[in-house]
Structures are given as C-alpha cells and as structure tokens.
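Engineer: One structure follows; several queries about it will come next.
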Amino acid sequence: HKQPATIRLHEPQHRIALNDCYLSHLQGCSDGLSREHLISETVLKVIEGEQLTISGMPWQPAGDKLKISTGNIVARCLCKFHNSALSPLDAEAGKLFSAIKSIDQFIGKTESVHLFSGHDVERWMLKTLAGLAYSKNLSHDGQRLDPVFDAGVDLAVLLQEPKSWPVGSGLYFKIAVGDTF
C-alpha cells in the first residue's frame, strides 16, 4: 500500500493566528490568506477542464446555473502556509480523479494499476468539507449551514495524522432518495 503524505500544520517560526484561517487556533499561520479552491484545482481540471457549470450554492437563486472558471471557485479560508501544507492531499485527489476518468481507455486492452493512499483521499475529503463549511458554501434547502464541526472533532489532528481517525469514523452524508448532492 502507498504511505500517506506527511502533513505538518505547525511551523515554529510562524506565531500568527489569522482570523479567517480555519486552522488559526494552531497559531502557525503565515502572513496572508490564500485563494483556497473549494474543490481542488487538480480535481476540477480533470472533471471539467478550465470552466464548469455550478448550481445549488447558497448564494445562487434556486435553479440558477453559472458557468465559472476553475480559478474562481475559491475562498479565503486558509492562510498560505496551511494551504501549502495540505497540497499533497490535493495532488493525491487529482491523481485519483485522473485514474477514474481514464478507466474506460484501458477496458479490455491492458491491465492498469493505480495506487493511492486511502488515508490521503479521506483527508482530502475532510479538507474539502472543511473549506466548504468555513467559507459558508454549504447549504440545505437553501439555508446556509453553520461551519461548526462536532466538539469531538479535532480537524487539525485528523488532517495531520491518519492513525488518529477512530475505527469506524469517516464522512457520512444523510440525504433522501432523489436529493441532489
């Protein structure tokens, strides 16, 4: 199996806590906020290329569809240091989505093996969920959801240390049949 990426969210030389960085409680922020892609740019480019159509965002009218470039699906919810520290997770997600997209090219031709760190993919999903939550881009029935995680969830620990995930933990979504996610 592939070893998970080492993620270090503490930097002794940084002692800043930027208000809008969702990892600011670590007091390891750098001097500015980054343009954090709500869904990794590597994934967006695999899925749609340079432009895609979005709908269902809490700031959009119901049923509205908007063509937008991948460079504009961003929020300022992480400082530059923390965004950079989490970039190995974005890279792993990009590789996973590329492999999924290319599967039909290999059917019946040759054996193709793709190796991923499941820990990194899970941590990327958590990072993506955190970015959507803290940028206030999650909604249900048109109402923005609070960016509050359960008090027992230590986001920084889960993002840094794959072995800290309790057995049976993961990301679960409760939706009804016919709902759009």
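The values are calculated or read from the model by the stated rules, or taken from the named source; none is laboratory data. What you are looking at is a predicted structure, and each value in this text was computed from that prediction instead of being measured. Cβ atoms come from the backbone with ideal geometry, glycine included; neighbour counts cover every protein chain shown. Calculation scope for accessible area: heavy atoms of the full protein, side chains included, ligands and nucleic acids excluded. Shrake-Rupley method; radii C 1.70, N 1.55, O 1.52, S 1.80 Å.
Engineer: What spacing in nm lies between the two simple spin-label points modelled at Ile54 and Lys163, each 7 Å away from Cα in the Cβ direction?
Structural biologist: Output for this residue pair reads 3.8 nm.
Engineer: Please find, in a Gaussian network model of the chain (springs between Cα atoms separated by less than 10 Å), the residue of Val121, Val157, Val167 whose mean-square fluctuation is greatest.
Structural biologist: Fluctuation is largest for Val167.
Engineer: What figure in square angstrom, to the nearest 10, would you give for the accessible area of Glu11 with a 1.4 Å probe?
Structural biologist: 50
Engineer: Arrange the peptides 26-35, 143-152 so that the one whose residues have, on average, the most other Cβ atoms within 10 Å appears first.
Structural biologist: Per-residue mean Cβ counts within 10 Å order the peptides as 26-35, 143-152.
Engineer: Note down the relative contact order for the chain as a percent, whole number, built from C-alpha pairs under 8 angstrom at least six residues apart.
Structural biologist: 25
Engineer: Something else now. Name the cysteines of the chain that stand alone by the Cβ rule: no other cysteine Cβ under 4.7 angstrom.
Structural biologist: Taking the Cβ cut-off of 4.7 Å, the unpaired cysteines of the chain are Cys77.
Engineer: List the aspartates and glutamates whose Cα lies under 14 Å from the Cα of Lys136, skipping any in the same chain that are fewer than 8 positions away.
Structural biologist: Asp20, Glu36, Asp146
Engineer: Leaving out same-chain residues fewer than 8 places away, which lysines sit with a Cα under 23 Å from that of Lys101?
Structural biologist: Lys2, Lys45, Lys67, Lys109, Lys127
Engineer: How large is the charge dipole for the chain, taken about the Cα centre, if only the Cβ atoms of Lys, Arg (+1) and Asp, Glu (-1) carry charge, to the nearest 20 debye?
Structural biologist: 200
Engineer: Ignoring any ligand, DNA or RNA, what whole percent of the accessible area of the chain comes from carbon and sulfur when the probe is 1.4 angstrom?
Structural biologist: The computed percentage sits at 54.
Engineer: Same structure again: Per residue, what accessible area does region 83-165 have, given a 1.4 Å probe and all protein chains present, in Å²?
Structural biologist: Normalised by residue count, the accessible surface of region 83-165 is 58 Å².
Engineer: Which of the aspartates and glutamates could a cross-linker span from Lys95 if the Cα-Cα distance has to be under 18 Å and same-chain partners fewer than 8 positions apart are dropped?
Structural biologist: Glu41, Glu48, Glu50, Asp104, Glu111, Asp120, Glu122
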